[in-house]
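Here's the structure we're looking at; comments come further down.
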Amino acid sequence: MNIAEIRKDFPILADERYIYFDNAATSQRPRQVLEAIESFYKETNANPLRGLYEWSIGATERYEAARHKVAELLHAKEDCEIVFTRNSTESLNLVAYSYGLSTLKEGDEIALTVMEHHSNILPWQMVAAKTGARLVYLEPDAEGYFGEQELAKITDRTKIVAMTMVSNVLGVTNPIKEVAKLAHQHGAVIVVDGAQSTPHKAVDVQDLDADFYVFSGHKMLGPMGIGVLYGKRDLLEEMPPFLTGGEMIETVTRESATYAQLPAKFEAGTVNGGDAVGLAAAIDYLQEIGFDAIEEQENKLAKLALDAMKDMEHITLYGASDPYRHSGIVTFNIEGCHPHDVSSVLDSEHICIRAGHHCAQPLLQYLGVNATARASLYFYNTEEEVERFIDALGKVRGWLGY
Ligand code: C6P
C-alpha cells in the first residue's frame, strides 16, 4: 500500500500540520467520493423512484446500483435485504421499533453487551420499557472476551441478542458467528452493530448468519447522512414499517394503506440518492485497496502506538494486550489529566483525538472511569504521525503543570 499516494486522494489531508486520529468518530473522504456526490447532482439530479423521465430514471438507477454495491459488500443474498437509512443509529432504532415492539412481550429477554454504543442500548431500553421485556447484559473479561458464564446468559428466554462486532472504545472484535449460532439455538435473532467493523474488515452476513446488520457510511469514507440496515428477507417482510409516507405504499385510501414490497416499505419519503452514490464510491475505494491491506496497515500503526505507550509512565491503556485486537483503536488515560485536557493539549499540536465517554457510558462505568482519551487510526495514517503523537503525549503532563 502506497500511503503517500493514497493520501493525495484526500483533500483535507493535504495540510500536513494536522494529524487526524478520530476516525472511529468519522473518517475523511477521498475526492472520488466527493466527485461521485457532485456528479449525481450535476448529471442526474431528480427525485429517484418517482419520475418517468430520463433524469429521474438515471437517479433511480444510480441509487439502486448503490444498493447492489452494498449487498455485494455484505454478501447479502438479495438487494432487497438492504435498506438505506441515515446512519447506524437509525437502523438500530428501525429494528427496535419495528421488530422489537411487534414481537416482544413481558418476560422476554434482550441480551446485549456492556460494551455497546448508546445507539445499541437506548432503543432496547425503550422497547423493554414498552413491552415488559428485560435487558440482560453480557460482560467481557479484561482482554475483551465473553466467557462461557457470560454466554450462558443467552437462554430460551432470550428473543433478541444485540451485539457490536467491534467495540468503539476497546477495539476488540466479538465472535459474532458463534454468538449468532448460540442465539439461533435458543430461537433468538441477532442484531449486529457493524458501525466499527464495516470500515475495517470484510463482512459476510450469510457466513455470520446475522439476522440484522447495521453500519454508517461516514465512518468508511462515505458521506454523513447515509446508513444501512441489512435484514434477512423473511424477517423484513414480516416487520411493520418504521416510518410511513411517500413511496413506501402500494395503495392508499382515506382510511388505510397497503405497503410496498421490500426495501421501499422501509424507505419512506425522498431518499438520499446523492449520499447513496457517494457510499458506493467509498465502497469501490475500500475494495480497490482491499480489506486485508487495510487491516494490516491499521494493525501496524496500532502496534507502534501501543508498544510505545505501554512503556510510558503515567499512561493506562484499555482493551486487549494484543495490539492486533484493537482495530486501530487506542484508548487511554494519563494519570492526573482529564481526557478533555489531554485532547486540548494535543489539539494545540494539531492532533485530533476524541475524549469523553464515547457514547458508551455503561462500558466506562464497567471499566471504573468517567472518561478516556481515544486515538483511532485508519489506513491513511502514517508511522510518522504515530511518532509525532507519541512525542506529544510525552509532553502532556508537563504542559498541564506536573
Ligand atoms: N461512534 C464514536 O466516536 P452513527 O452516529 O449512527 O453513525 O453511529 C453510531 C454508532 C453505533 N455503534 C458504534 C459501535 C459506534 O461506534 C457508533 C458511533 C462514534 O465512537 C460516534 S459516537
Hey, among the residues in the stretch 56-70 that are without any contact (Cβ under 8 Å) to a residue 60 or more places away in the chain and not polar (S, T, N, Q), which one's farthest from the ligand (Cβ to nearest atom)?
57
Tell me, please, whether a residue that is hydrophobic (A, V, I, L, M, F, W, C), at pLDDT below 95 and farther than 22 Å from residue 20 by Cβ can be found in the stretch 356-363.
no
Subset of the stretch 227-278 [farther than 21 Å from residue 99 by Cα and hydrophobic (A, V, I, L, M, F, W, C)]
252, 271, 276, 277
Could you identify the single residue in 384, 298, 335 that is under 21 Å from the mean Cα position of the chain (by Cα) and either at negative phi or within 16 Å of the ligand (Cβ to nearest atom) (or both)?
298
Only one of these conditions is not met by residue 190: (1) in contact with a strand residue (DSSP E or B) (Cβ under 9 Å, 6 or more places away or on another chain); (2) surrounded by fewer than 24 Cβ atoms within 10 Å (Cβ to Cβ). Which number is it?
(2)
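Somewhere in the stretch 197-216, is a residue within 11 Å of the ligand (Cβ to nearest atom) and over 24 Å from residue 265 (Cβ atoms)? Reasoning before the result, please.
In the first step, residues of the stretch 197-216 are kept if they are within 11 Å of the ligand (Cβ to nearest atom); the result is 197-199, 214-216.
Now restrict to residues that are over 24 Å from residue 265 (Cβ atoms): 197, 199.
There is at least one residue in the stretch 197-216 that is within 11 Å of the ligand (Cβ to nearest atom) and over 24 Å from residue 265 (Cβ atoms).
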Select from the stretch 90-135 the residues that are open to solvent by 20 Å² or more (accessible area, probe 1.4 Å), away from the ligand (no atom under 15 Å from the Cβ) and hydrophobic (A, V, I, L, M, F, W, C) and list them in ascending order.
101, 126, 129, 135
Mind checking which helices (runs of 4 or more DSSP H) fall wholly inside the stretch 204-292 and carry at least 2 residues that are more than 30 Å from residue 182 (Cα to Cα) and among the aliphatic types (A, V, I, L, M)?
273-289
For the stretch 293-321, the count of residues that are assigned to a loop (DSSP other than H, G, I, E, B) and either touching a residue at least 60 places away in the same chain (Cβ under 8 Å) or among the β-branched types (Val, Ile, Thr) (or both) equals 5
Failed condition for residue 299, given (1) surrounded by 22 or more Cβ atoms within 10 Å (Cβ to Cβ); (2) within 16 Å of residue 24 (Cβ to Cβ), with all others met?
(1)
Quick check on the stretch 52-79: of everything there that is surrounded by fewer than 18 Cβ atoms within 10 Å (Cβ to Cβ) and among the aromatic types (Phe, Trp, Tyr), which residue is nearest to residue 289 (Cα to Cα)?
55
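The values are calculated or read from the model by the stated rules, or taken from the named source; none is laboratory data. It should be emphasised that the depicted structure is a prediction, and the values quoted were computed from it without experimental measurement. Glycine also receives a Cβ, built like all others from the backbone with ideal geometry; neighbour counts cover every protein chain displayed. These accessible areas exclude ligands, DNA and RNA; they are computed on the full protein's heavy atoms, side chains included. Shrake-Rupley method; radii C 1.70, N 1.55, O 1.52, S 1.80 Å.
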